[in-house]
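Notes for the one structure printed next.
None of the figures in this text is laboratory data; all of them are computed from the coordinates on show. A quick note: this is a predicted structure, and the numbers were derived from the prediction, not measured. Cβ atoms come from the backbone with ideal geometry, glycine included; neighbour counts cover every protein chain shown.
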Amino acid sequence: MNNKHVKPGDFIPYIIEKGIGTKSYALMIVELDECPICKKQILNVPKKSYIFPTWYEIDIDNQLKKAGWVLASQETQEGKIICIECSKSGKSTFLCALCGLRKPTSKIEESIGWPAEYLCKDCYETKTAKEWDDMVKKLNAEHRYDYE
């Protein structure tokens, strides 16, 4: 069955092989995100998800590798999930709301709101307390309804 041109709403999951005992293997739709940094497709599920086979040739790692896809990290960039590879290699950055410069995520001093806006450690160390406090108050006011 060739489902390459089937619309997601029309796709019907199906069993591709009857496994051993009560096990079977099936094709279903999964949702992917695109990493905003490397543009690889991200599967946003826990690595230890029990829906994937444990047989080493078709476990989650091998399936992702064959497809050229990656797992999601816990990090976001500009509110978008980034892949675990970009996270581990330190490629993620953020835009500081105070100085307007893009910095590595290791330089985050404070995060406010959702999606988050960030203030950097460099500004915390170099700006006056008034400048810092004014920006924190401004961001808190702008994001006061984010969690309601």
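A few notes on this one:
- Taking amide H atoms as placed 1.01 Å from N in the peptide plane, the amide H of Lys40 lies under 5 Å from those of Cys35, each 5 or more residues away in sequence or on another chain.
- Estimated FRET transfer efficiency (His143, Glu57; beta-carbon r; R0 41 Å; 0.05): 0.30
- Note on Glu131/Ser106: beta-carbon distance plugged into 1/(1 + (r/R0)^6) with R0 of 25 Å gives a FRET efficiency of 0.65.
- Between Glu17 and Lys80, the C-beta separation translates, for a Förster distance of 41 Å, into a calculated FRET efficiency of about 0.70.
- Computed P(r) (all Cα pairs; the chain; 5 Å bins; percent): 2, 8, 13, 14, 14, 12, 9, 8, 7, 6, 4, 2, 1, 0
- Lys, Arg +1 and Asp, Glu -1 on Cβ, resulting dipole of the chain about Cα centre, debye, nearest 20: 500 debye
- Short-range pairs are left out: with C-alpha atoms under 8 Å and at least six residues apart, the relative contact order of region 93-148 is 31 percent.
- For the chain, the longest principal axis of the Cα atoms and the long axis of helix 129-142 meet at an angle of about 50 degrees.
- 5 Å binning of all Cα-Cα separations within region 1-70, expressed as whole percents from 0 upward: 3, 13, 20, 23, 22, 13, 4, 1, 0
- Each of Ile29, Gly19, Trp55 was placed along the dipole of region 1-56 (beta-carbon charges, centred on the mean Cα), and the one lying farthest toward the positive end is Trp55.
- In the chain, the DSSP-assigned H stretches of four residues or longer account for a calculated mean residue ellipticity at 222 nm of -6000 deg cm²/dmol, using -39500 (n - 2.57) per stretch and the full residue count as denominator.
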